[in-house]
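> Right, I'll just put the structure down here and ask away after.
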Amino acid sequence: MKNKLSEISEKALNELKSILSISELEAVRVKYLGKKGELTSILRGMGALSPEERPLIGKLANEIREDIEKNIEKISREIKEKEKAEKLEREVIDISMPGRKKSVGKRHPLDLTLENMKDIFVSMGFSIEEGPEVELDYYNFEALNIPKNHPARSEQDTFYINDNVVLRTQTSPVQIRVMENQKPPIKMISPGKVFRSDAADATHSPIFYQLEGLVIDKGITFADLKGTLELFAKKMYGDKLQTKFRPHHFPFTEPSAEMDATCFVCQGKGCRVCKGSGWIELLGCGMVHPQVLRNCGIDPEIYSGFAFGFGVDRMVMLKYGIDDIRLLYESDMRFLNQF
Ligand code: DAH
């Protein structure tokens, strides 16, 4: 039995010498030390030995097992180290290669313009209010003096969720929500997204931005409206800018007007941007209609006010000379990186 044991030991150690991979190593381990391994099956036969012989052979067998195990461990370590060294060799760093560029995010031109506008109005004492983009028909139309079947409804191609719920077509409903919840004096703006079911082209987008304004107090007149909006336009585009008001019609204001400003590209001389007229249309405005005040529980005999609504996209496009509104909503990095 002793001879057999040393024979196995020699054979195992010999085989281990030519091992190159971890899987080969494992195969050798199983062959000798596994449950059905050669050394193990010899040890099973120890029952047949005499009581004197048994401890001696047992000791020898254990020594052989330990010896084989140690060898396996050593070879395993060597193989792993060799593999690591080879991997490092393969992964040489070429320090002459150009590095990977990290692209830094940029502010969107719409966001930049809105922030500019908000800053100016806040400096003039306006608060900023928000309203829902999914709006009740009542707030978007009815309370603003636009009943069902009113011709003004067909001017705004509305996305209807159902008979009573729409995607807001304007930021004007925020006026109503604020007047319902706050007592005058009120001085607020509300920037936000609006939606119209227009097919997208260079000048139309089913989604765009407006900035609404509302001022309500005792004794507010059209002169306050003009002074406020003129001051805003000068702060936004410079002192040289001039404004003019043209009569217009909105169901929720009376009288109503549109404000034009001298073209900030050609300073009024006439160019491609202002189509030669020297003027650019900036917003709609007017004195809040007495019926709209009444709809919100405000007495038009005591209070009056003015309101206005900017098309923000138009202002952005004019400011940066962008000729297609769709660029503002396509998230094309080649476009956005220019700001
Ligand atoms: N809501 C109007 C629109 O979408 C813009 C507007 C005009 C808002 C006059 C106003 C206003 O508050 O007084 O065309």
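> For the residues Met124, Met179, what sequence is obtained by ranking on other C-beta atoms within 10 Å, fewest first?
Working: Met124 15, Met179 24.
Arranged by neighbour count, lowest to highest, Met124, Met179 become Met124, Met179.
> Related question: I want to make sure I understand the PRE zone here: with the label point 7 angstrom from the Cα of Glu330 toward its beta carbon, which residues in the range 167-210 have backbone N atoms less than 16 Å away?
The answer is 200-207.
> On full extension of the chain, what length is gained from Lys11 through Val165, given 0.36 nm per residue of separation minus the C-alpha to C-alpha distance?
Numbers: separation 154, 0.36 × 154 = 55.44 nm, distance 8.70 nm.
46.7 nm is the gain from fully extending Lys11 to Val165.
> Also: Take Ser304, Ser6 and order them by how many other Cβ atoms sit within 10 Å, fewest up front.
Working: Ser304 21, Ser6 12.
Listing Ser304, Ser6 from fewest to most nearby Cβ atoms yields Ser6, Ser304.
> Let me ask another. Excluding Phe126 itself, what net charge comes from residues whose Cβ is under 15 Å from its Cβ, given Lys and Arg +1 and Asp and Glu -1?
It works out to a net charge of -4.
> I've got another one for you. Report, in degrees rounded to the nearest 10, the 0 to 90 angle that the Cα long axis of helix 222-237 makes with the longest principal axis of the chain.
Tilt relative to the chain: about 40 degrees.
> Ok, one more. What nm distance separates the two modelled labels at Val273 and Asp239, each placed 7 Å from Cα along Cα→Cβ?
Result for the modelled spin labels: 2.1 nm.
> Would you compute, for the Cα atoms of the range 2-90, the largest minus smallest coordinate along each principal axis and list the three values in descending order, in whole Å?
Projected onto the principal axes, the Cα atoms of the range 2-90 cover 59, 19, 16 Å.
> Please compute the Kirkwood hydrodynamic radius of the range 41-151 from all pairs of different C-alpha atoms, in Å with one decimal.
Working: mean 1/r = 0.0401 Å⁻¹.
When all Cα pairs of the range 41-151 are included, the Kirkwood radius is 24.9 Å.
> Enter the Cα centre distance for the pair the range 6-26 and the range 155-210, rounded to the nearest angstrom.
Answer, in whole Å: 81.
> Pick from Gly131, Gly105, Gly305: which residue has the top mean-square fluctuation in a GNM of the chain where Cα pairs under 10 Å get a spring?
Of Gly131, Gly105, Gly305, the most mobile in the Gaussian network model is Gly105.
> Once every DSSP H run of n ≥ 4 in the chain is given -39500 (n - 2.57) and the sum is divided by its residues, what mean residue ellipticity at 222 nm do you get, rounded to the nearest 500 deg cm²/dmol? Don't jump to the answer; show the numbers that get you there.
Working: 12 runs with 141 residues, N = 339.
Per the formula, -13000 deg cm²/dmol.
> Continuing with the same structure: The range 280-339 to the range 253-276: how many Å between their Cα centroids?
Distance between centres, Cα-based: 15 Å.
> As I understand it, the value is the acute angle between the Cα axis of helix 2-17 and the longest principal axis of the Cα atoms of the chain; what does it come to in degrees, rounded to 10?
40 degrees
> Continuing with this model, one more query. I need the calculated FRET efficiency for the pair Lys118 and Tyr138, taking r as the beta carbon distance and R₀ as 25 Å, to the nearest 0.05. Can you show the working numbers first?
Numbers: r = 27 Å, r/R0 = 1.10.
The pair Lys118/Tyr138 has a calculated efficiency of 0.35.
> Rounding to the nearest 10 and keeping the result within 0 to 90°, find how far the Cα-based axis of helix 109-123 lies from the longest principal axis of the chain.
50 degrees
> Tell me, for the chain, which Cys residues have no other cysteine's C-beta sitting closer than 4.7 Å.
So far as the 4.7 Å Cβ criterion goes, Cys285, Cys296 stand without a partner in the chain.
> Another question about this same structure. Can you give the Rg/Rh ratio of the chain, where Rg is from the C-alpha atoms and Rh is the Kirkwood radius? Walk me through the numbers before you get to the answer.
On the way: Rg = 41.6 Å, Rh = 26.8 Å.
In the chain, Rg relative to Rh is 1.55.
> Could you tell me the relative contact order of the chain? Use alpha-carbon pairs under 8 Å, at least six residues apart, and round to a whole percent.
On the way: 495 pairs, mean separation 48.9, N = 339.
Relative contact order here is 14 percent.
> Please report, in whole Å³, the volume per residue of the convex hull around the C-alpha atoms of the range 152-197. Provide the component values of the computation, followed by the final result.
On the way: hull volume 4.3 nm³, N = 46.
Residue-normalised Cα hull volume stands at 94 Å³.
> Just need the relative contact order of the range 80-224 here, percent rounded to a whole number, with Cα pairs under 8 Å and 6+ apart.
Relative contact order here is 21 percent.
> Quickly work out the Leu49-to-Lys36 label distance, labels modelled 7 Å from Cα along the C-beta direction, and quote it in nm with one decimal.
So the two model labels end up 2.5 nm from each other.
> Taking the Cα centre of the chain as the origin and placing charges on Cβ (Lys, Arg +1; Asp, Glu -1), which of Val174, Ile64, His249 is farthest toward the positive end of the dipole?
Ile64
Laboratory data are not the source of any read-out in this text; all were calculated from the coordinates shown. Not measured: the values here are computed from a predicted model. Heads up, the Cβs are rebuilt from the backbone with ideal geometry, glycines too, and the neighbour counts pull from every protein chain shown.
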